[in-house]
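The values are calculated or read from the model by the stated rules, or taken from the named source; none is laboratory data. Treat the numbers as computed from the prediction; the structure is a model and nothing was measured. Positions of Cβ are backbone-derived with ideal geometry, glycine not excepted, and every protein chain shown enters the neighbour counts.
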Ligand SMILES: Cc1cc2nc3c(=O)[nH]c(=O)nc-3n(C[C@H](O)[C@H](O)[C@H](O)COP(=O)(O)OP(=O)(O)OC[C@H]3O[C@@H](n4cnc5c(N)ncnc54)[C@H](O)[C@@H]3O)c2cc1C
């Protein structure tokens with residue numbers, strides 16, 4: 001059996017860190033090459049407003065410590081958290097009309113909508129799998145099966161899915177409706193989600209080389225050559241964890257070219273954008289619920305996140321997904337803040353307090369990321385495409401990262417598990 005001398009991991013996001021830790025723990029010589037000047041990738045906490053705020057991943061989705069490895073790390077580190085539920089109970093949501101009047105929506109109503117939509121989603125899955133979410137909702141509505149609920153209840157449901165998928169309903173496959181089955185509640189880490197990334201860094205700190213953007217990987221020979229500025233690194237196996245956005249942009253050149261199935265999966269997989277406009281005010285003027293939805297079809301934003309229970313300061317975060325998220329990136333910060341302030345003023349009037357500071361994410365422009373996370377694109381078989389993306393090439397070029405997680409993708413725990421999966425693959429192929 002061939003002995004492996006060196007493994008290189010491209011990227012110090014959670015998947016790269018988890019892969020490197022696993023191999024390092026088993027005695028393999030492993031180095032991470034990271035383009036940015038920090039670790040974490042899309043797990044990124046900003047502290048420029050004086051409090052930790054999540055620019056990327058916000059919550060531990062599905063807080064079951066038995067199945068979610070992020071929860072295990074959280075518990076090992078003794079981190080405090082705030083519990084909520086994005087996918088579950090309506091109790092975590094406040095729905096306001098465009099004048100700021102509260103609209104009561106019951107869990108019962110939401111469950112009934114989900115049940116009726118669910119039946120047709122199951123049928124469509126077999127009869128017309130290319131159906132998108134927008135078509136499905138319109139169809140069920142036209143049948144008169146949703147006339148028993150307030151229009152706003154439907155609006156809340158669509159906003160929640162768009163937020164979870166970082167995409168517009170007409171581009172989302174019906175598969176997205178089945179992803180959260182069995183998921184438990186969500187948790188936001190107090191003090192910064194990036195503490196999870198630093199958990200890995202402790203053991204790997206002398207094995208991570210920052211500011212190392214990889215431009216080219218040549219895997220023609222037994223020894224793989226990895227090119228970065230003027231440096232050439234050599235290894236027997238390479239794990240690429242760069243985001244789907246980086247792969248779509250062809251930031252890294254491969255010699256020989258990647259197999260056709262791999263290139264197809266990169267091209268066809270859905271890739272969404274979710275941005276956040278974080279606003280810190282002089283004092284809080286909104287309610288204590290975790291999420292606020294302004295039921296106004298003209299609104300630029302999906303849901304507002306009340307960050308106060310997590311960061312203990314009057315911070316509210318406007319979320320924006322899909323094409324509007326990309327449009328926002330072409331506007332100046334002042335224009336974006338003004339839009340958000342105007343929407344808040346329409347609802348809260350003179351209660352809106354003085355704006356202290358703000359932070360705006362622009363994920364599709366973010367170097368070495370170029371988007372937010374992979375989505376279930378309508379008209380595509382995402383599970384098959386993700387399987388193709390995750391398949392190693394010539395038993396030496398391995399692929400990890402959230403988009404390679406076959407059953408469900410997008411989340412932090414899936415990214416972590418994909419890193420472990422490829423580390424285990426390498427260990428099986430090349431026992432130490
Ligand atoms: C706005 C937003 C909200 C989110 N919310 C949640 C949430 O609430 N809960 C949740 O579970 N998940 C959430 N996610 C998703 C989660 O953040 C990702 O699934 C996860 O962080 C992906 O990790 P990764 O290791 O696959 O990729 P990344 O984090 O993208 O790591 C890849 C690394 O590779 C580096 N890299 C790229 N190209 C090169 C190159 N050429 N050379 C060297 N290095 C390179 C990058 O700089 C990066 O550090 C969110 C993401 C975003 C953007």
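Exactly one residue out of 54, 99 is under 29 Å from residue 300 (Cα atoms) and within 11 Å of the ligand (Cβ to nearest atom), and it is 54.
Does segment 60-74 include one or more residues that are in the same structural domain as residue 405 (by TED's automatic domain parsing), part of a helix (DSSP H, G or I), over 19 Å from the mean Cα position of the chain (by Cα) and at negative phi? No, there is no match, as no residue in segment 60-74 is in the same structural domain as residue 405 (by TED's automatic domain parsing), part of a helix (DSSP H, G or I), over 19 Å from the mean Cα position of the chain (by Cα) and at negative phi. If you go through segment 247-272 and keep only what is closer than 20 Å to residue 219 by Cβ, buried (at least 23 other Cβ atoms within 10 Å of the Cβ) and within 11 Å of the ligand (Cβ to nearest atom), you end up with just 247.
Against the test of being out of contact with any helix residue (DSSP H, G or I) (no Cβ under 8 Å at 6 or more places or on another chain) and at pLDDT below 95, the options 324, 306, 300 yield a single qualifying residue, 324. Would you pick out the residues in segment 325-338 that are buried (at least 16 other Cβ atoms within 10 Å of the Cβ) and over 17 Å from the mean Cα position of the chain (by Cα)? Within segment 325-338, 328, 329, 336, 337 qualify.
In the set (1) near the ligand (Cβ under 8 Å from one of its atoms); (2) closer than 16 Å to residue 239 by Cα, the condition left unmet by residue 399 is number (1). Taken over segment 108-136, the criterion of being out of contact with any helix residue (DSSP H, G or I) (no Cβ under 7 Å at 6 or more places or on another chain) and either buried (at least 20 other Cβ atoms within 10 Å of the Cβ) or under 23 Å from residue 270 (Cα atoms) (or both) is satisfied by 122, 123, 126, 127, 128, 129, 130, 135. Checked against (1) within 12 Å of the ligand (Cβ to nearest atom); (2) crowded, with 21+ Cβ neighbours inside 10 Å; (3) at pLDDT below 95, residue 86 passes all but a single condition, namely (2).
Among the candidates 361, 390, 353, 374, the residue that is away from the ligand (no atom under 16 Å from the Cβ), at pLDDT 95 or above and in contact with a strand residue (DSSP E or B) (Cβ under 7 Å, 6 or more places away or on another chain) is uniquely 353.
Looking at segment 233-243, is at least one residue within 13 Å of the ligand (Cβ to nearest atom), within 27 Å of residue 160 (Cβ to Cβ) and in the same structural domain as residue 19 (by TED's automatic domain parsing)?
Of all residues in segment 233-243, those within 13 Å of the ligand (Cβ to nearest atom) come to 233, 238-243.
From what's left, within 27 Å of residue 160 (Cβ to Cβ): 243.
Restricting the remaining residues to those that are in the same structural domain as residue 19 (by TED's automatic domain parsing) gives 243.
There is at least one residue in segment 233-243 that is within 13 Å of the ligand (Cβ to nearest atom), within 27 Å of residue 160 (Cβ to Cβ) and in the same structural domain as residue 19 (by TED's automatic domain parsing).
Restricting attention to segment 5-46, the residues that are within 13 Å of the ligand (Cβ to nearest atom) and part of a strand (DSSP E or B) add up to 10. In this structure, residue 146 does satisfy being crowded, with 17+ Cβ neighbours inside 10 Å and not in a helix (DSSP H, G or I).
Scan segment 70-89 for residues that are farther than 20 Å from residue 179 by Cβ and out of contact with any strand residue (DSSP E or B) (no Cβ under 7 Å at 6 or more places or on another chain) and the total you get is 7.
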